[in-house]
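Asks: Before we start, here is the structure in question, set down as structure tokens.
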Amino acid sequence: MGAVLLGFLAGVVPAAPALAESIQERQWYLDYLHVREAHKISTGKGVVVAVIDSGVDARNPDLAGRVLAGKSYWPADPAGGGGKIDHGGHGTSVSGIIAANGRKYGALGIAPGAKILPVSVTVGKGSGGIYSGSVPPDSIRWATDHGAQVINMSYGGRITSPEERAAIQYALDHDVVLVAAAGNSASSTGVDSPAKIPGVLAVSGYDEKGRFWSGSVHGPEVALAAPSVNIITLGVMDRGASGYVLAPGGTSGAAPMVAGAAALIRSRYPELKAPDVINRLISTATDAGPKGRDDQYGFGRLDLVKALTAKVPAVTANPLGDPTPTTEPQAAEPESQADAWLRQVLTITAAALAGLLVVAGSLFLFLRRR
């Protein structure tokens, strides 16, 4: 499946002590989403979030103690690298939004108590610095089989393969919450796959004032909206870099906000199954745009505190649907010459028998009248 990582064409940010304001003060969405208030209730402790992306730079001090041994599908990676080499910075940025540990001068994630399971899948560099390539459905299965309770997928493609759909079904069958970026309008005209697959939380983006971001795609598959503009987050630690980047826009940044929220819920309510976690996220969202679910905001803007505290009825099925497609009727196989000949013989024989019965019946009635 061809796919691109969605966003984070970002500039490097100076180290925190060189700034007039701290990194966390520049994370505008911390206040917008009331993240610190949410952390009084849950930090995501004990929850594993898989990040299927470009890898994660585990050297970044803001991720210290947060990165588990994962898997790399990159042929050049050393054996045992475990996805801890980042080939483009994208995966590290996504992981920072989810689980940055909030150290002094550092960034703070939505779920700083969660652990990141890195799965490195991108295999080449496309135009404009966006890394693109093949995202194997096996990566979803691998993350599922190795403890992921939430999977973040900040990538997308136009085509949904049967293998990808089957992998999504496999993860959902194993009680995993799946979150994906809806896509960016610069490269898409509709919601990307896997976000558009039923059962997946497709996330669009909005700006600092809560307005739908013009760079985000929209469509009926969108489930939630989250911050996606001017996101300061983590980068790779190469060549004396500060380890921070500023992403001007991208739904790649919105999806991990929701993945982090799912981790907070799974930590707070460990007994909840994935459909109930999803239902809690969408039923507590702040409605925006046209009343009810709409193509831009989905069910609304993410509300962390309400998702953690509201009374939400249980559900019996994933409220976002089932990824298994409706079975199409199978086309009849072409009839062989022998079958056609036999069918004709049987038809003629049946007609002849019917004719004989009519004649016999008529003769019987004639003889009775005599």
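Asks: For residues that are in a loop (DSSP other than H, G, I, E, B) and either crowded, with 20+ Cβ neighbours inside 10 Å or touching a Pro at 6+ places or on another chain (Cβ under 9 Å) (or both), tally how many sit in region 198-209.
Replies: Start the filter on region 198-209 by keeping residues that are in a loop (DSSP other than H, G, I, E, B), which leaves 198-200, 207-209.
Cutting the leftovers down to either crowded, with 20+ Cβ neighbours inside 10 Å or touching a Pro at 6+ places or on another chain (Cβ under 9 Å) (or both) gives us 198-200, 207-208.
Within region 198-209, residues that are in a loop (DSSP other than H, G, I, E, B) and either crowded, with 20+ Cβ neighbours inside 10 Å or touching a Pro at 6+ places or on another chain (Cβ under 9 Å) (or both) number 5.
Asks: Got at least one residue in region 180-197 being free of Cβ contacts under 8 Å to residues at least 60 places away in the same chain, outside any loop (DSSP other than H, G, I, E, B) and not hydrophobic (A, V, I, L, M, F, W, C)?
Replies: Among the residues of region 180-197, not one is free of Cβ contacts under 8 Å to residues at least 60 places away in the same chain, outside any loop (DSSP other than H, G, I, E, B) and not hydrophobic (A, V, I, L, M, F, W, C), which makes the answer no.
Asks: For A186, work out the one condition from (1) in contact with a strand residue (DSSP E or B) (Cβ under 7 Å, 6 or more places away or on another chain); (2) surrounded by fewer than 19 Cβ atoms within 10 Å (Cβ to Cβ) it doesn't fulfil.
Replies: Condition not satisfied by A186: (1).
Asks: Where the second residue is outside any loop (DSSP other than H, G, I, E, B) and polar (S, T, N, Q) and the first is farther than 13 Å from S95 by Cβ and lies in region 35-52, which pairs have Cβ atoms under 6 Å and are six or more apart or on separate chains?
Replies: Every condition considered, the pairs that remain are S42/S267; K45/S267; G46/S267; V47/S267.
Asks: State yes or no: is G292 without any contact (Cβ under 8 Å) to a residue 40 or more places away in the chain and either more than 18 Å from N184 (Cα to Cα) or surrounded by fewer than 17 Cβ atoms within 10 Å (Cβ to Cβ) (or both)? Steps first, answer last, please.
Replies: Details: without any contact (Cβ under 8 Å) to a residue 40 or more places away in the chain: yes; either more than 18 Å from N184 (Cα to Cα) or surrounded by fewer than 17 Cβ atoms within 10 Å (Cβ to Cβ) (or both): yes.
Criteria met by G292.
Asks: Another question about this same structure. Looking only at region 260-270, which residues are closer than 10 Å to V47 by Cβ, assigned to a helix (DSSP H, G or I) and either at pLDDT below 95 or not hydroxyl-bearing (S, T, Y) (or both)?
Replies: Within region 260-270, G260, A262, A263, L264, I265, R266, R268 meet the criteria.
Asks: Can I ask one more? Just need a number here: residues in region 289-325 that are assigned by TED's automatic domain parsing to the domain that holds H39, within 19 Å of V179 (Cβ to Cβ), part of a loop (DSSP other than H, G, I, E, B) and of a type in the set (G, A, S).
Replies: Looking only at that region, the number is 1.
Asks: Residues of region 135-179 being of a type in the set (S, T, N, Q) and over 16 Å from L117 (Cβ atoms), which ones?
Replies: Once the filter is applied, which keeps residues that are of a type in the set (S, T, N, Q) and over 16 Å from L117 (Cβ atoms), region 135-179 yields T160, S161, Q169.
Asks: Would you be able to say whether some residue in region 223-235 is buried (at least 19 other Cβ atoms within 10 Å of the Cβ) and part of a loop (DSSP other than H, G, I, E, B)?
Replies: Step one: list which residues in region 223-235 are buried (at least 19 other Cβ atoms within 10 Å of the Cβ), which gives 223-229, 231-235.
Of the ones still in play, those that are also part of a loop (DSSP other than H, G, I, E, B) are 228, 235.
Yes, the conditions are met somewhere in region 223-235.
The values are calculated or read from the model by the stated rules, or taken from the named source; none is laboratory data. Being a predicted model, the structure only gives us computed values, none of them experimental. We place every Cβ from the backbone using ideal geometry, glycine too, and count neighbours over all the protein chains shown.
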